[in-house]
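Undergrad: Quick one: this structure, given as structure tokens, is what I'll be asking you about.
The values are calculated or read from the model by the stated rules, or taken from the named source; none is laboratory data. Every value quoted in this text rests on a predicted model; they were computed, and no experiment measured them. When we count neighbours, we look across all protein chains shown, and the Cβ atoms used for this are built from the backbone with ideal geometry, even at glycine. The protein model used for the area step is the full one, side chains on, heavy atoms only, and it has no ligands, DNA or RNA in it. Shrake-Rupley method; radii C 1.70, N 1.55, O 1.52, S 1.80 Å.
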Amino acid sequence: MSERKNPYPFDVFEPAWQATWDAEKTFKVLNPGEEGFDAGKPKYYVLDMFPYPSGAGLHVGHPEGYTATDIVSRYKRMNGYNVLHPMGWDSFGLPAEQYAIKTGQHPSITTYANIDTFRRQLKMLGFSYDWDREIATTDPAYVRWTQWIFLRLYHSYYNTELKKACPVSELEAKGWTREQIDNVRLAYVAEGMVNWSPDMGTVLANEEAEEWKSKGHIVERRKLRQWMLRITAYAERLIDELEPLDWPESIKLLQRNWIGKSMGAEVNFTCNGKTITVYTTRPDTLFGATYMVLSPEHDLVNEITTAEQKEAVTAYQTACAAKSDLERTESKDKTGVFTGAYAVNPVNGKEIPIWIADYVLTGYGTGAIMAVPAHDSRDYEFAVKFGLPIIQVVQPDTADTPWQDFCGYDGTMVNSEHLNGLSVPEAKQQMIAWLEEKGYGCGKVNYKLRDWLFSRQRYWGEPFPIVWNSEDGNHYAIPESELPLLQPEMEDFKPSGDPRGPLVKATDWIQYSENFTRETNTMPQWAGSCWYYLRYLDPKNNQAFVDPEVEKYWMGGNNPGGVDLYVGGTEHAVLHLLYARFWHKVLYDYGLVSTNEPFNKLVNQGLILGEDSQKMSKSRGNVVNPDDIVREYGADSLRMYEMFMGPLKEVKPWQTKGVEGISRFLARVWRVAMVENQEGEWVLSGKVTDVDNGEVTPVRKEVHKTIKKVTEDIEAMSFNTAISKMMECTNAMTGAATVTVSDYVQLLHVLNPFAPHLTEELYSRLRTQFATLPACQLCQQTWPTYNPEYLVENTKEIVIQVNGKLRDKITVAADAPKEEVEAAALASDRVKEFTDGKTIRKVIVVPGRLVNIVAN
RNA sequence: GCCGGCUUGGCGGAAUGGUAGACGCGCUCGACUCAAAAUCGAGUUCCACAAGAGUGUGGGUUCGAGUCCCACAGCCGGUACCA
């Protein structure tokens, strides 16, 4: 490749400005109570989703969101806000541990080396973070508070009357037993079916299982004792309090679906004196129940199964247990076995056969259903396969819809005694009231959301601050004074296949005291990311996870408070964003934070695809490395290109030619003021001048239009259109003989949040010639305003249409009355041509825009 | 299957119900140059001009629809027997 001279010397001035910002702490922001803090300024908290510092380094996807937030941060600062714009590292994680297993090197070594790379790369892009607030979730000082919050959860239960977390000590005072309390803790131990990955040697959350499966890992069901967080207690609040947030509707919907609220009823059936409770969302169809299905794992299966069915039932149970999750869902073919038992339907006393089938899940509702094959597709399929009766109880309202397998709500009840003639929703209500009156059941809300499986069998995670007593078998919290509890130094991180995880090998560490041994599980990576946005507020505090006054300023203050802008990818829609909301609510219940929600406004950036419009991946060889782009075109070009590609929220393909286009644009901005002299040095050209007679030149008009447009577009986060306007403005300057300093500096000013290096460099060079320019950096000056008078046009071009088709254009005075415009339009030769021989029926005049002549 | 989102030139994308294709890429031509690169200027939806057609398809509302309404198709994402 031939040596190419850079179109402007970004390779020199970009690192220089970065060094200046670092040395002068240009973007440091003070906290309340610190000297120099300006309490008169409003706050604005702009947050990025912090990265996992992988060995691969920064990806072009990172700077997309990070540039967007950087533009907003710089813009808000120039508009007089105290802007909190921090960065940190989500640094616990499996890759570092797997690398440690391979090499024997401690995971912290790779982790902190990767952090150094990420920090260097982010600084190379000129982001205006307050680096004094940098945090890493792996830092002992951070781990301390993650564990502290965990203990808060551990010591809490959800008070269903107050609808908030309360200390379990209240229950102790009321005389609850240890066992009763353990059953309501927000952090609890339970034995249950979990996702276990034998090759990774750990369990996974439901939310994670699919992701790892798709990466080729084995995930199977196993019954294990695990730590759980009672997120289900907050299901209702997690749905209700989502509503007012300024989030994309699609993300809200994703969360709502994940939480999966449904309203129905529990109904008690009887079987030989035993009660079997089923959950249904369609109590209106109770008269159509023709059989019952229990999940194969249901507690009552063994009790009710008759002797002659025993063998078949046991065989079916065994077969189901052996099936992995994947195998179960792979085939949707219904299978099941008759138990030989019958249940009595409370509404009509009829006996219906009880089956077991794996299409009924253990974990949802009561693990038992009444089957209404006429109006539930799954029951219908099952009934057809096994020849079970099908009774119609709903008649669809639309005439030609068959009643068989009709599951809709637009129908009228039939064959249902006292419900006959009612609509489905009416019948539903009436039946619930009836069940409650008779004591046969009650209305019931259910959620798909399961409790959060919170323990992992890993080394590189926060250890649980918990010890086990060998005498009573109970778990106990270690005192806060012992936090942080760090992992022991080890050389062998390998999973042993022992479901207690690799820490069991640290025999000294485990032994807490004579009768107490440590919990060997560690927390999932999500723990650190659940509250990192709070630690940024007060990252060095060693008295509290955040000082209350500081928290109040940054998170309270404005209405509605919280993080004012949070930008990141969609991939966290139901993981991080749900977990963090849950933790935040617990902290809120204790008055430790000011708002019930952490993130007021959320924006999802769209994925950047490779040049081939495919997802970037190593195997496809279409990955773009930010380092290469910066070396070739400079940081400003990368930043601006990523903003110019298209709307922030859309998915869009990378085009290196597009970076060149942006680079050319920045070079044109440069050359408005700069020229190369004989020695090949860049010097001020003289085109930019302080001779200014105040005339409103076309360039000045363009500048003010640009200020208006860029201001509005930053507010709307429509960065691509802001950039195109600045291109138009620059083109106007390129075409002009001279440009006044004030016009040029205003362009630099609005361009500054996008291309901070170039604009500061040009500004500082201009100052060598124009001493009246303020001495501070552009980024420390006030955002420019436009003069509306400059935007007023004297004349307007009016479009003339005949029957909606463009036929002519005329120029009229901007304030020309309607009649005049209409007359001018009708006088047009082109119009006459197209209306010739026709009658003019109507003339529509839209002032300042168009005239449409309707003729036929 | 269900739930979302998207669909505009050769490409990325612009368009408060009012000139479709701003801006950029690419391409063509011109200037500069011995020449090229870079730069600057002109042009660039389709059709040879005019006429006409044109925002995934088909309908509708409107003086006027990329934009609003109805139906359908394709692509992308989420979810997956949640009773």
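Undergrad: Please indicate, with yes or no, whether at least one residue in the stretch A:786-797 is open to solvent by 10 Å² or more (accessible area, probe 1.4 Å) and within 30 Å of A:T839 (Cβ to Cβ).
TA: Within the stretch A:786-797, one or more residues are open to solvent by 10 Å² or more (accessible area, probe 1.4 Å) and within 30 Å of A:T839 (Cβ to Cβ).
Undergrad: Sticking with this structure for a sec: Of the residues A:E514, A:E491, which is surrounded by fewer than 17 Cβ atoms within 10 Å (Cβ to Cβ) and touching a residue at least 12 places away in the same chain (Cβ under 8 Å)?
TA: Residue meeting the stated conditions: A:E491.
Undergrad: For the structure I just gave you, tell me whether A:E436 is closer than 28 Å to A:E236 by Cα and either more than 38 Å from the chain's Cα centre (by Cα) or without any contact (Cβ under 8 Å) to a residue 40 or more places away in the chain (or both).
TA: yes
Undergrad: Please give the number of the condition A:D379 fails out of (1) part of a helix (DSSP H, G or I); (2) within 15 Å of RNA strand B (Cβ to nearest atom); (3) open to solvent by 20 Å² or more (accessible area, probe 1.4 Å).
TA: (3)
Undergrad: Here's a follow-up. Can you work out which of the residues in the stretch A:715-746 that are within 39 Å of the chain's Cα centre (by Cα) and open to solvent by less than 20 Å² (accessible area, probe 1.4 Å) is farthest from A:R668 (Cα to Cα)?
TA: Per the stated criteria, the residue is A:F719.
Undergrad: Within the bounds of the stretch A:519-526, is there any residue that is touching a residue at least 24 places away in the same chain (Cβ under 8 Å), within 28 Å of A:Y75 (Cβ to Cβ), of a type outside the set (V, I, T) and open to solvent by 20 Å² or more (accessible area, probe 1.4 Å)?
TA: Looking for residues that are touching a residue at least 24 places away in the same chain (Cβ under 8 Å), within 28 Å of A:Y75 (Cβ to Cβ), of a type outside the set (V, I, T) and open to solvent by 20 Å² or more (accessible area, probe 1.4 Å), one finds none in the stretch A:519-526, hence no.
Undergrad: Here's something else I'd like to know. For a quick check of your reading: which helices (runs of 4 or more DSSP H) sit entirely within the stretch A:757-856 and have at least 1 residues that are more than 16 Å from RNA strand B (Cβ to nearest atom)?
TA: A:788-791, A:818-826
Undergrad: Out of the stretch A:241-291, which residues are within 11 Å of RNA strand B (Cβ to nearest atom), open to solvent by less than 10 Å² (accessible area, probe 1.4 Å), part of a strand (DSSP E or B) and among the β-branched types (V, I, T)?
TA: A:V267, A:V278
Undergrad: Tell me which of these A:K448 doesn't satisfy, since it passes every other one: (1) touching a residue at least 40 places away in the same chain (Cβ under 8 Å); (2) open to solvent by 70 Å² or more (accessible area, probe 1.4 Å); (3) of a type outside the set (A, V, I, L, M); (4) in contact with a strand residue (DSSP E or B) (Cβ under 7 Å, 6 or more places away or on another chain).
TA: (4)
Undergrad: Only one residue in A:L577, A:L602, A:L592, A:L607 is open to solvent by 30 Å² or more (accessible area, probe 1.4 Å) and closer than 23 Å to A:S250 by Cβ, so which one is that?
TA: That would be A:L607, the only listed residue that is open to solvent by 30 Å² or more (accessible area, probe 1.4 Å) and closer than 23 Å to A:S250 by Cβ.
Undergrad: When the stretch A:653-666 is examined, which residues are found to be open to solvent by 10 Å² or more (accessible area, probe 1.4 Å) and either of a type outside the set (S, T, Y) or near RNA strand B (Cβ under 6 Å from one of its atoms) (or both)?
TA: Residues satisfying the conditions are A:P653, A:Q655, A:K657, A:G658, A:E660, A:G661, A:R664.
Undergrad: Within the stretch A:348-363, count every residue that is assigned to a strand (DSSP E or B) and in contact (Cβ under 8 Å) with a residue 40 or more places away in the chain.
TA: Within the stretch A:348-363, residues that are assigned to a strand (DSSP E or B) and in contact (Cβ under 8 Å) with a residue 40 or more places away in the chain number 5.
Undergrad: If A:T366 passes every condition in (1) open to solvent by 40 Å² or more (accessible area, probe 1.4 Å); (2) touching an Asp or Glu at 6+ places or on another chain (Cβ under 9 Å); (3) in a loop (DSSP other than H, G, I, E, B); (4) within 11 Å of RNA strand B (Cβ to nearest atom) but one, which one does it miss?
TA: (1)
Undergrad: Every residue in the stretch A:740-756 that is under 17 Å from A:R77 (Cβ atoms), part of a helix (DSSP H, G or I) and touching a Cys at 6+ places or on another chain (Cβ under 8 Å), please.
TA: Listed by number, the list holds a single entry, A:P756.
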